[in-house]
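Visitor: Let me give you the structure first, and then I'll get to my questions.
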Amino acid sequence: MNTTPHIVQAFAPTGTLRASINLGNPILANRDAASGQPFGVSIDLANGLAQALGVPIEMVVFDAAGKSVEAVEQERADIGFFAIDPKRGEHIAFTAPYVLIEGSYMVPEASPLQANDEVDRAGTRVVVGKGSAYDLFLTRELKAADIVRAPTSPAVVDVFVEQQAEVAAGVRQQLESDLARFPGHRLLPGRFMVIQQAMGVGKARGADAAAYLAAYVERQKASGFVDDALRRHGIQGASVAPAAGG
């Protein structure tokens, strides 16, 4: 990768690389309880990019994916970490994915629902995090069920239980964690979608920046950097995405 002054200016026009970090997906980022600082695979990738560019970094932290996307679209942040989605792609140039994450459904133990393809029924309320990849995907895919939007992805199960809804949708790992807080529920087998998590830069930053970022992600996958980060942070429920075109 050729890190030219043109590339550095495209990514860090303020002199600092501002990374939009979404804490709504625990597979990608969390906040340290003692220091309050974010950590996770997306933090590691952001730090690695800043090092490659030779600039300092600032973590711009949000509690929901939609807010993180808006920060990059509105150029309040320079890069971000997002699930690939056509709507988001209107203003953001995505790399190939660096990790793949399973999306799952949670239902009450007594629910008649036994399979993912049974969810799209009239009278079924599906709770999702507002602006999340699940929200965007299910808004397109569900024809009969109703979507209820929680303020953030981590709040999905709380809203689901409070409103006694029929289904909660989200990151499998998050839902499995929530089962410990809310016994009397279960996950439907399998997955309803695979989320492709990628890095992104605003299209207004130019094709050269998009190409540089894409090459950076491929290098970090091939070198074992992403796999090492997932292992180091104890992440389960995600796998390193294959090489682009592979």
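Visitor: For region 2-17, check the following and say yes or no: at least one residue is at positive phi and open to solvent by 60 Å² or more (accessible area, probe 1.4 Å).
Guide: No, there is no match, as no residue in region 2-17 is at positive phi and open to solvent by 60 Å² or more (accessible area, probe 1.4 Å).
Visitor: Then there's this: Among the residues of region 114-128, are any within 16 Å of the chain's Cα centre (by Cα) and at negative phi?
Guide: Looking through region 114-128, at least one residue is within 16 Å of the chain's Cα centre (by Cα) and at negative phi.
Visitor: Of all helices (runs of 4 or more DSSP H) completely enclosed by region 134-246, which ones contain at least 3 residues that are open to solvent by less than 30 Å² (accessible area, probe 1.4 Å) and out of contact with any strand residue (DSSP E or B) (no Cβ under 9 Å at 6 or more places or on another chain)?
Guide: none
Visitor: Restricting attention to region 40-54, report how many residues are open to solvent by 10 Å² or more (accessible area, probe 1.4 Å) and not in a helix (DSSP H, G or I).
Guide: Number of matching residues: 1.
The values are calculated or read from the model by the stated rules, or taken from the named source; none is laboratory data. Keep in mind the model is a prediction, meaning the values are calculated, not measured. We place every Cβ from the backbone using ideal geometry, glycine too, and count neighbours over all the protein chains shown. The protein model used for the area step is the full one, side chains on, heavy atoms only, and it has no ligands, DNA or RNA in it. Shrake-Rupley method; radii C 1.70, N 1.55, O 1.52, S 1.80 Å.
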